[in-house]
Amino acid sequence: MDYEAVKGVKHSMSESRELTARIRVRLSAHDAHYGGHLVNGAFMLSLFGDLATELAIMCDGDEGLLVGYEKVELLAPLFAGDFVEAVGHITKVGRTSRHMEFECRKVIAARLDISDSAADVLDEPIVVGRATGTTVVKADRQRKTRTA
């Protein structure tokens, strides 16, 4: 749901609205951190942090600060050459806090076993990670109009 559809609605921690942001990237050899072209799980957290920033801007007109993750699940490995899509949603809006959920899916898998440039588009994306977190946007920095 885009911001325009919900900006006139009063929000509290007990109410839920959903704003969504999405990033799709290719993991490069530079992203590989371990043997076998394996990419570390922190790469996903970096994507989730970028999504949190975009969501805060969409919601409040300010980057805010991602203050913490409540839960992080690393579910499958990522490798250089893979393409991933990360999605984030705001699920709850408080006076200054925004609770968010994130998910990262592998959509194209590198096939280094065939050649250094082979890859397969996956019929079904593989969920490689999930997280929940909270961003805080100070009240005096919230520029979007909210009605009472």
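Only the coordinates and a few stated rules stand behind these numbers; no lab work does. Computed from a prediction, not measured in an experiment: that's the story for all the values here. As a convention, Cβ positions derive from the backbone with ideal geometry for all residues, glycine included, and neighbour counts pool all protein chains shown.
Computed over neighbours whose Cβ is under 13 Å from that of Pro77, the net charge equals -1, Lys and Arg +1, Asp and Glu -1. Comparing mean-square fluctuations of Met58, Met44, Met100 from a GNM of the chain with C-alpha springs under 10 Å, the top value falls on Met58.
Taking Cα pairs under 8 Å and at least six residues apart, what relative contact order does the stretch 80-135 come out at, in percent? Reported as a whole number, the value is 36 percent. Under a Gaussian network description of the chain, with springs only between Cα atoms under 10 Å, the residue in Arg98, Arg26, Arg130 that fluctuates furthest is Arg26. Total lysine pairs in the stretch 3-141 at Cα distances under 27 Å, for residues eight or more apart or on different chains: 9. Residues Thr135, Thr53, Thr91, ranked from the fewest to the most other C-beta atoms within 10 Å, line up as Thr91, Thr53, Thr135.
Based only on Cα atoms, what Rg/Rh ratio does the stretch 64-148 have, Rh being taken as Kirkwood's radius?
Values: Rg = 17.8 Å, Rh = 15.2 Å.
We get a ratio of 1.17 for the stretch 64-148.
With Cα atoms as the point set, the radius of gyration and Dmax of the stretch 3-141 evaluate to 16.8, 55 Å.
In the neighborhood of Ser46, defined by Cβ-to-Cβ distances under 14 Å, what is the net charge if each Lys or Arg adds +1 and each Asp or Glu adds -1? Once all neighbours under 14 Å are counted, the net charge is -3. The GNM of the chain, with springs linking C-alpha atoms under 10 angstrom apart, assigns the highest mean-square fluctuation among Asp113, Asp62, Asp31 to Asp113.
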